[in-house]
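The values are calculated or read from the model by the stated rules, or taken from the named source; none is laboratory data. Given the structure is predicted, the values throughout are model-derived calculations rather than measurements. Quick reminder, even Gly has a Cβ in these numbers, built from the backbone with ideal geometry, and neighbours come from all protein chains shown. Heads up: the accessible areas ignore ligands, DNA and RNA and are worked out on the full protein's heavy atoms, side chains in. Shrake-Rupley method; radii C 1.70, N 1.55, O 1.52, S 1.80 Å.
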Amino acid sequence: MAPFPSPTVSAFYPPKNPNCNLNFVSKTQQCISLLKGCSSMKELKQIHAHIQTSGLHRDGYLASEILQFCALSPLGSLDYARTLLRYFVNPLPFSWNNVIRGYAYSNSPGEAIAVFLEMRKRGTRPDKLTFPPLLKACASIAALEEGRQIQVEIFKNGLDSNTYVQNTLIHFYGNCREISHARRVFDDMDLRTIVSWNAIISACVENSRLDDSIALFVQMRSCRFEPDETTMVILLSACAELGNLSLGRWVHHQVIGKGLLVNCQLGTALVDMYAKCGAVDYGRQIFDRMRERNVWTWSAMILGLAQHGLAKEALDLFSKMKNSSIRPNYVTFLGVLCACSHAGLVEDGYRFFHEMTDVHGIRPMMIHYGSMVDILGRAGHLEEAYRFIMTMPIEPYPVVWRTLLSACSIHDINGSNKVREKVRKRLLELEPRRSGNFVMVANMYAEAGLWEEAAKVRRVMSSGGLKKMAGESCVEIDGSIHRFLSGGYSRVDCEGVYQLLDGLDLQMKVVHSSLYVIELVCDL
C-alpha cells in the first residue's frame, strides 16, 4: 500500500461530470467520518487503503487528518507518520509540526530534532508552533548545544519576541540547569503571562534556587498577576525542599482563600509538602479527603508515612492501593522498601523487591538496590548485604557502599566478619577525594578504639588537602529559615546569640549550685 504522493489540495483535479463530483464528495465525507471514529492503526491503514482505491489520495485534508492521527494520537504510529511525510511533495509547516510534537512527547524525543533537520533540508520554513515542541524535546534529553542552535533559528525567523516561544526557552534552560540564561530570557520579555512566571519560578525550584523562587512569587504578586493551580504546585514543591512548614501552610491558606480547585496535582503537592515538612498527619487528612488520586498521590503518602517511621501505616496503605485500580510505580516501591527498612522486615523487603519486577514489570533503579542494602544492613545482615551488592546486575554507586559501611559501624565495630574492610577499601577506591568517606572511616576506627588507624586516616586527609564539609543546622522562626554552619561566625547577630547562650549557661550553673546546696542540707 503506497503512502500519499502529495498532501496538497491543488494537486487534486475533480472529474468534470457533476454526478461523479457528487459521488466524490460523498466518498470524501465517508472517509472523514471513518477517520473521526478511527481507534487503532489497523483501522487507520484500512481507511488509508480505501482512500487510495477511491481516488482520494491527493486530498490534502484527508492526508493531514491521517498524519495527525499517526503523529498525535496515543493509538497512532510516529514511524508511519514520518513515512507519510517523506512522500509529501510540499509539506506545509503544520504537518512537520505535528510529527515534531509527536516525537517531543514520546519516548524518543531526540527524533524531533532529526525531523526538524529534515524539515529545513526540504526547504519548509518553520513557524511559531515549530519551536516550542522542539525545545521541549531538547529539554527532555538535556540537549543544551542543540537547544542553543535552535534559539539561533528562532532569532533568524523573527520569533524571539513570541511569548509562547520564550516560555518554552525558559523551561528548556531551566531543565538544562542554565538558570542564568533562563532568567535572561525572562527579564528580556516584553509581555509576560502567568505561564511565564510559572516557568521561571519552576526553573528556580528545579535548580535549588529556592529563595529566588519565593522572591519571584512576591514580585509576581506585585505585578498584579494572580497565581493559578500550577503556581501553587510549584511553590509547594519549593516549601517541601526547604522544609518550611509555615510557608507551606501559608500557600495552603492561599489556595483555600482564592477558591482554587484542589485537583489531583495540587492535592498531591499538598500531601508531599506536609509529609516532607514533618506534618504527616495533615498530609494524611488531605489524602483522605481527596476524591481523585493517582499513583503519585498514593506514592507520596506511602513514602511520607515510611520516612516518619510509620511502617505499618505505610504498608497498610500500600495494600489498599493494590486493591484499587491504581498500579504502583517505582516511587511507590521506594516507600514500601523504606517502610520495611524502618520496621526491620527483611523477608517482606525481599518479597516486595521481587514483586516490583516479577508482578509489575518495574525495573529496579539504583535507589531500590540501595534500599535493599539498607534493609539488610539495618537488620545486621552484613554479609548478605555484601553478597547482594556483588550480585547486582548494574555497577553499584558509591552511595550503596556508604550505606553498608554505615551499617558496619553499628553492627560490626570491631570488623570481626571482614565485611567492613572490604567495603572501606571499595568505597575509597571509587571516591578517593570525598572527604566524607574518610571521616566515616576515621570515626569507625575511633569507635572501635583503634586510635592509631583513625590517626592514619586523618593524616591521609591532611596530606591530601581534604577537608570535612561543615555541618549545617536550620532553625525556622516566624516563617524564616536561619542556617548555621559549624564553626561559622558570619552572621551579623551572632554576638547576641552567644550572649543569650552565655546567659542560659550561667542560669544552668546557678540552678545546679542550688540543687547541690539542697542536697547538702538534706544530708545534714
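Mind checking whether some residue in region 48-56 is in contact with a Pro (Cβ under 7 Å, 6 or more places away or on another chain), in the same structural domain as P133 (by the TED database) and closer than 26 Å to N107 by Cβ? No. Taken together, the criteria place Y386 among residues that are at negative phi and modelled with pLDDT under 95. In region 369-385, the residues that are in contact (Cβ under 8 Å) with a residue 12 or more places away in the chain and closer than 12 Å to V346 by Cβ reach residues that are part of a helix (DSSP H, G or I) and among the acidic types (D, E) with C-beta atoms within less than 6 angstrom, at least six apart or across chains, in these pairs: L376/E384. For beta carbons closer than 6 Å, sequence separation of 6+ or different chains, a first residue in region 261-280 that is farther than 16 Å from E241 by Cα and a second that is part of a loop (DSSP other than H, G, I, E, B), the qualifying pairs are C264/E292; C264/N294; G267/M290. Remark: pairs (first residue in region 397-408, over 12 Å from M366 (Cβ atoms); second residue surrounded by 16 or more Cβ atoms within 10 Å (Cβ to Cβ) and among the aromatic types (F, W, Y); Cβ separation under 7 Å; 6+ apart in sequence or on different chains) = L404/Y386. Is it the case that G267 is open to solvent by less than 50 Å² (accessible area, probe 1.4 Å) and outside any helix (DSSP H, G or I)? No: the conditions fail for G267.
Does G248 satisfy the criteria of being modelled with pLDDT under 95, surrounded by fewer than 16 Cβ atoms within 10 Å (Cβ to Cβ) and touching a helix residue (DSSP H, G or I) at 6+ places or on another chain (Cβ under 9 Å)? So G248 does not fit the description; no. What do you reckon, is T83 hydroxyl-bearing (S, T, Y) and either open to solvent by less than 20 Å² (accessible area, probe 1.4 Å) or free of Cβ contacts under 8 Å to residues at least 24 places away in the same chain (or both)? Taking the combined requirement at face value, the residue does not satisfy it.
Within the group D160, D190, which residue is in a loop (DSSP other than H, G, I, E, B), without any contact (Cβ under 8 Å) to a residue 24 or more places away in the chain and surrounded by fewer than 21 Cβ atoms within 10 Å (Cβ to Cβ)?
Details: D190 fails: without any contact (Cβ under 8 Å) to a residue 24 or more places away in the chain.
None of the other options fit; the residue is D160.
When you go through I389, I362 one by one, which is the residue that is among the β-branched types (V, I, T) and closer than 21 Å to I410 by Cα? Before the answer, list the steps.
Working: I362 fails: closer than 21 Å to I410 by Cα.
Testing whether each residue is among the β-branched types (V, I, T) and closer than 21 Å to I410 by Cα leaves just I389.
Here A137, A182, A238 are screened, and the one residue that is assigned by the TED database to the domain that holds R101, open to solvent by less than 30 Å² (accessible area, probe 1.4 Å) and either assigned to a helix (DSSP H, G or I) or modelled with pLDDT under 95 (or both) is A137. Residue check: A112 meets all listed conditions (1) open to solvent by less than 40 Å² (accessible area, probe 1.4 Å); (2) touching an Asp or Glu at 6+ places or on another chain (Cβ under 7 Å) but one, namely (2).
So, in region 110-134, how many residues would count as being assigned to a loop (DSSP other than H, G, I, E, B) and over 17 Å from R148 (Cα atoms)? If you could, list the steps in order and put the result at the bottom.
Of region 110-134, the ones assigned to a loop (DSSP other than H, G, I, E, B) are 122-130.
Still in the list and also over 17 Å from R148 (Cα atoms): 122-125, 127, 129.
Within region 110-134, residues that are assigned to a loop (DSSP other than H, G, I, E, B) and over 17 Å from R148 (Cα atoms) number 6.
When region 45-70 is filtered for residues that are buried (at least 23 other Cβ atoms within 10 Å of the Cβ) and under 21 Å from G123 (Cα atoms), the ones remaining, listed by number, are A63, L67. Taking the listed residues G174, G147, the one that is surrounded by 17 or more Cβ atoms within 10 Å (Cβ to Cβ), of a type in the set (G, A, S) and in the same structural domain as V99 (by the TED database) is G147, with no other qualifying. Looking only at residues that are among the polar types (S, T, N, Q) and open to solvent by 10 Å² or more (accessible area, probe 1.4 Å) in region 273-304, which one is nearest to S319 (Cα to Cα)? Per the stated criteria, the residue is N294. So is Y103 at pLDDT 95 or above and either acidic (D, E) or part of a helix (DSSP H, G or I) (or both) or not? Judged against the criteria, Y103 is not a match.
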